[in-house]
Amino acid sequence: MTTRVSDSRFAVYLIPPYRIAQPVTEIHQMLRKQFGLSAGGRFQVHATMKGFFKKIEGPLDPLVERLDAAFAAQHSVTAHFGGVFTTDIGMGLDISRVGNRPNPEMMALRERIVDAVYPFIAPDCDFVTKDLGDPFEAHITLAFRDIPASLYSDVLAYLREAPVPTEPFTADTFHFLEFFSPDWGGSWWQSLSWRLLKTWRLEP
């Protein structure tokens, strides 16, 4: 029997430059090789600006037009690394701060993107509470979702020797993506696939 792909989800990502993506990709590969972790590597190397959302019925064009307008009014920002970011289900590189304070340019950019997307989020979106309910913490994912609790400290210790980037970078490239899974109500990260819909490159 053919598996039917469920309705899709969408997201807007900040895409770091090659010099950042390369070591992060190596980390994804090594975590798969050494610990069998694969969820983080299923995505582009990215920082989420607007996480998964289920879209209301209708064409994509009006949503893309609002994102076009949002990015047209936005200049690039500088992203600063603030060390390893950890949650109960994942680990990443914090880029939400400058020193010990939230990066105001990053926060304003997040707000502009959310404002563009919000009218198109379906009322029954299964990710909206998590993405919009928690404080925004921009980060580049290293591992998440499939880390066994018994191995969490081992994975974190392993990352202390990883080639994590530390130098600031210009955040000027953004992707709009569509994601697919036959199991949005379950372990969607095990079956996730995606396609790139549009790219924006911001001026300094």
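Taken together, the values in this text are just the output of simple stated rules run on the coordinates, not laboratory data. Just so we're clear, the structure is a prediction, and the values are computed from it rather than from any experiment. Heads up, the Cβs are rebuilt from the backbone with ideal geometry, glycines too, and the neighbour counts pull from every protein chain shown.
Dipole magnitude of the chain about its Cα centre, charges +1 at Lys/Arg Cβ and -1 at Asp/Glu Cβ only, in debye to the nearest 20?
320 debye
I need the trypsin sites (Lys or Arg not before Pro) found in the range 94-201, filtered to DSSP loop residues with at most 14 other beta carbons within 10 Å of theirs.
ARG160
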**Qualifying lysines (Cα of each under 28 Å from Cα of LYS198; at least 8 residues distant if same chain)** = LYS50, LYS54, LYS55, LYS130
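Over all directions, the average projected area of the alpha-carbon convex hull for the chain comes to how many nm²?
Across all orientations, the chain yields a mean hull projection of 12.2 nm².
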**Request:** May I ask you to derive the FRET efficiency for PHE169 and ASP7 from their Cβ-Cβ distance with R0 = 25 Å, giving the value to the nearest 0.05?
**Result:** 0.15
**Prompt:** Where does the longest stretch of the chain lie that holds no GluC sites (Glu not before Pro) found in a DSSP loop with 12 or fewer other Cβ atoms within 10 Å?
**Reply:** 58-160
**Prompt:** Going through the range 1-72, which trypsin sites (Lys or Arg not before Pro) have at most 13 other Cβ atoms within 10 Å and a DSSP loop state?
**Reply:** ARG4
**Asked** To two decimal places, what compactness ratio does the range 1-82 give when its Cα radius of gyration is scaled by 2.2 N^0.38 Å?
**Response** 1.42
**Message:** Please list, in order, the residues from the range 190-204 whose amide nitrogen is less than 19 Å from a point placed 7 Å along the Cα→Cβ vector of ASP68.
**Reply:** 196-203
**Prompt:** Can you pull the semi-axes for the range 57-170, root of five times each eigenvalue of the Cα gyration tensor, sorted largest first, whole Å?
**Reply:** 30, 20, 11
**Viscosity 1.306 mPa s, temperature 10 °C, Stokes-Einstein D of the range 133-193 from Kirkwood C-alpha radius, µm²/s** = 105 µm²/s
**Item:** Selection from ALA47, ALA11, LEU63 lying farthest towards where the dipole of the range 9-180 points positive, charges on Cβ
**Value:** ALA47
**Fill in**
Rounded to one decimal in nm, the spacing of the 7 Å Cα→Cβ label points at ASP115 and SER150 is 5.0 nm
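Please give the FRET efficiency for MET107 paired with GLU26, using the beta carbon to beta carbon distance and R0 = 30 Å, rounded to the nearest 0.05.
0.50
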**Message:** At a threshold of 8 angstrom on Cα-Cα distance, excluding pairs fewer than six apart, so keeping six or more, what relative contact order does the range 1-151 reach in percent?
**Reply:** 33 percent
